[in-house]
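The values are calculated or read from the model by the stated rules, or taken from the named source; none is laboratory data. Just so you know, these numbers come straight off a predicted model, no measurement behind them. Here Cβ is always computed from backbone atoms with ideal geometry, including for glycine, and neighbour counts include all displayed protein chains.
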Amino acid sequence: MRQFDRVLIVGGTHGNELTGVYLIRSGVFANLKQFSFTIDTLLANPQAVVANRRYIDRDLNRSFDQTQLAPDRANNYEAEQAWEIYQQFGPQSAKPIDVIIDLHTTTAAMGNTLIIDEYSPLALPVAAALCAVEPSLKVYSSRGSDRRDALRTIAPLGLCLEIGPVAPGVLDAAVFERTRSLVMQVLACLDRLNQATEIPLDALTIYRYEQTIDYPRNPQGQPIAMIHPQLQGCNYTALNPGDPMFIDFYGNVMVYEGDTIGYPVFINEAAYYEKGIAMILTQRQEIHETASI
Ligand SMILES: [Zn+2]
């Protein structure tokens, strides 16, 4: 049961996330011949890479809402790029891509994170197969967020590798190697699934999107508190009601006021200050059932 004919590996969707940029530039994925699918690579936002910025006019990874993609809407650089990429690799193109692996880094200490979208029927089985061979992998599901505007969403199966912590504009050899190795594991996994007659869904722990939490801000929009030091770096760790969340510039502590345990991710991500996100709260869920698709 062959599912995957064309895989696209993408770096530089955010121009200052250098791990993906140099993995694509180095060509390490360009000439792999051992798999049962073809591999294309793409440096998604070349002008932002040159400028060493996340983006030029707007975030490219929020520019793929398919109801908005059209040439006459292309009124800025990222909108033009999104249209071009969609034309080249999207479902209407001559050779539509089956899987996108989009390479990102984060300033948050999130280790090795795989981001999936559960509306794709293959997302959970592929995540489970990957976690079985790579126990360090955490799986973050966008479910609950109705956004469908990331670059990966133009393929039937979109996978995002989010590796951290590393600062924007920095190449870190260990992060580079971790990412390269994870991509090879994803490719091997897709190859195995291509040979399988059915795809089992093994037990899996996932962290599902629940809500975004912004910094406390003054009426001018400036943050008036910081992530509490006890929470800094504690991605994927239980945050209980009443736990310290923020601390203001005078030492006053603000606690988590939710009434259920949350599992925060993207804590203090540098690129999210402008988006009004101090962290994303997820719900941890265990998938026990074994099913096949
Ligand atoms: Zn990114």
- Message: Quick check on my filter: what residues within the stretch 214-243 are among the aliphatic types (A, V, I, L, M) and part of a loop (DSSP other than H, G, I, E, B)?
- Response: ILE224, LEU231, ALA238
- What are the residue pairs meeting all of these: first residue in the stretch 190-204, first residue exposed (fewer than 13 other Cβ atoms within 10 Å of the Cβ) and among the hydrophobic types (A, V, I, L, M, F, W, C), second residue assigned to a helix (DSSP H, G or I) and modelled with pLDDT of 75 or more, Cβ atoms under 7 Å, and 6 or more apart or on different chains? none
- Message: So for the stretch 241-249 (the condition being in contact (Cβ under 8 Å) with a residue 40 or more places away in the chain, more than 16 Å from the ligand (Cβ to nearest atom) and aromatic (Phe, Trp, Tyr)), does at least one residue qualify?
- Response: no
- Scanning the stretch 69-105 residue by residue, the ones that are of a type in the set (S, T, N, Q) and in contact with a Ser or Thr (Cβ under 8 Å, 6 or more places away or on another chain) total 3
- Query: Does ARG143 satisfy the condition of being over 17 Å from LEU103 (Cβ atoms), of a type in the set (Lys, Arg) and touching a residue at least 40 places away in the same chain (Cβ under 8 Å)?
  - Reply: yes
- Quick one: in the stretch 77-120, of everything that is charged (D, E, K, R) and more than 15 Å from the ligand (Cβ to nearest atom), which residue is surrounded by the fewest Cβ atoms within 10 Å (Cβ to Cβ)? LYS95
- Could you list, in sequence order, the residues of the stretch 152-176 that are more than 16 Å from ALA123 (Cα to Cα) and part of a helix (DSSP H, G or I)? ALA173, ALA174, VAL175, PHE176
- Task: Restricting attention to helices (runs of 4 or more DSSP H) lying wholly within the stretch 26-144, give those where 2 or more residues are of a type in the set (S, T, N, Q).
- Result: 77-89
